[in-house]
């Protein structure tokens, strides 16, 4: 158990997680300071709230004196590996712990289901939450999904299951963190603006199993080479899943998702749900794996499939205008997500695809395999526009650069025809033009709905 009382904790970053960490640590007897490079109105509001609790917050800069003062540095999710306070802490051999590590050590329950992966985390975590609710299993859902683990500690009892969405950023600085079930949905190129290379990113994901023991479980994607490699080197029990072949694990056969010959739910039930595409089938298969490990009836998965609605900005239908359907997939912030989105549509050569955003240094060439027969036109936008145009220049599909989503809607309506699909699936993060993928999706929706 981490020694908190009387120790000096420096929280780096004042988003929701940083705020919760500062408050919880202070309430637990720690001396707490916060350093935040931004100085926006929302940051100032949090600063004032923490100041009223006796917590010192510096904004608009990072001071080395704050780091020197600390016994432990707690980086918020997304704080860069080379952020100045992190580099200073490493130079001075000051312990660095992530918020999920501190929350894990403080939590009265260690019954944790931790879900990570490049894509699909929120959908899988949300669906797991839905199934647990149907099955009336005491649980709390938290993590990278929006409400921090550390901020939910007061709601957790000894018998509470913790369904936790974790990112690679949160796994960077763990020591004892050990879920009973850890799942990696997939691993693909992403966050290369954060990590120096792809292998560093893979190693961060692998840390979810750092402390696993033989009684623990790993659920891994058999169709992902990186997941298979990780499976070769971990100590715990393993359950693979595959939507493409029959394996010793969770698989699809004869119209059902099954485990060791036992049918869990039908493909017909999945196809009638609001979840579309093979990537979402895989997400539900992970939840099926969790249910098998914990002895939860497949009936609850079937019930959840009939009622569950995914979070916004994930292949979300916005509207239909003149027979043209507009779909918001703004959460597709990497190239693999674009490929999976395109794969979910039939080959009718009827998609107008909107690509672009902040350039994360990821190649768009994998998209080429999913364009023929599906995409009739590409609209490119944002900082990555030149990269996309250059890497896709040899495909025989017309490309046009746009300045905003109003342009996209106007061009789509003037060149499209009934039955066409306008798909915003950017393959990039949003920070060149927007504050988040959610804001980007909302702006796209507004541009569409303004013409209704």
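For the reader, a short list of remarks on this structure follows.
- Three-way shape call for the range 1-126 based on the alpha-carbon gyration tensor, with the a/c threshold at 1.5: rounded
- Relative contact order, percent, the chain [alpha-carbon distance under 8 Å, six or more residues apart]: 11 percent
- Between the C-alpha center of the range 99-118 and that of the range 410-451 there is a gap of 36 Å.
- For the range 1-61 and the range 353-406, distance of Cα centres in Å: 41 Å
- At full extension, residue 244 and residue 401 could sit 52.9 nm farther apart than now, given 0.36 nm per residue minus the alpha carbon distance.
- Here the chain was treated as a single set of alpha-carbon atoms; its pair distances binned every 10 Å from 0 give 4, 20, 28, 26, 17, 5, 0 percent.
- Stokes-Einstein translational diffusion, the range 122-186 - Kirkwood Rh over all Cα pairs, 1.306 mPa s, 10 °C, in µm²/s: 126 µm²/s
- Protection proxy ranking, highest mean first, for peptides 28-37, 415-424: 28-37, 415-424, where packing is the per-residue count of other beta-carbon atoms within 10 Å, averaged.
- Using a Förster distance of 41 Å, the FRET efficiency for residue 293-residue 71 (Cβ separation, nearest 0.05): 0.60
- In plain terms, the C-alpha convex hull of the range 227-326 casts an average shadow of 8.1 nm² when viewed from every direction.
- Sorting 378-384, 251-257, 116-122 by their mean Cβ neighbour count within 10 Å, with the most densely packed peptide first, gives 116-122, 378-384, 251-257.
- Peptides 11-21, 316-326 ordered by packing proxy, namely the average of other Cβ atoms within 10 Å per residue, highest first: 11-21, 316-326.
- Helix 278-294 axis, angle to the chain major axis (alpha carbon atoms, nearest 10°): 40 degrees
- Euclidean distance between Cα centres, the range 142-209 to the range 249-286, Å: 25 Å
- For the range 8-97, the relative contact order works out to 34 percent when only alpha carbon pairs closer than 8 Å and six or more residues apart are counted.
Every number in this text was worked out from the coordinates using simple rules, so none of it is lab data. Predicted, not measured: the structure shown is a model, and the values here were computed from it. A quick note on method: Cβ atoms are made from the backbone with ideal geometry, for glycine too, and the neighbour counts reach across all protein chains shown.
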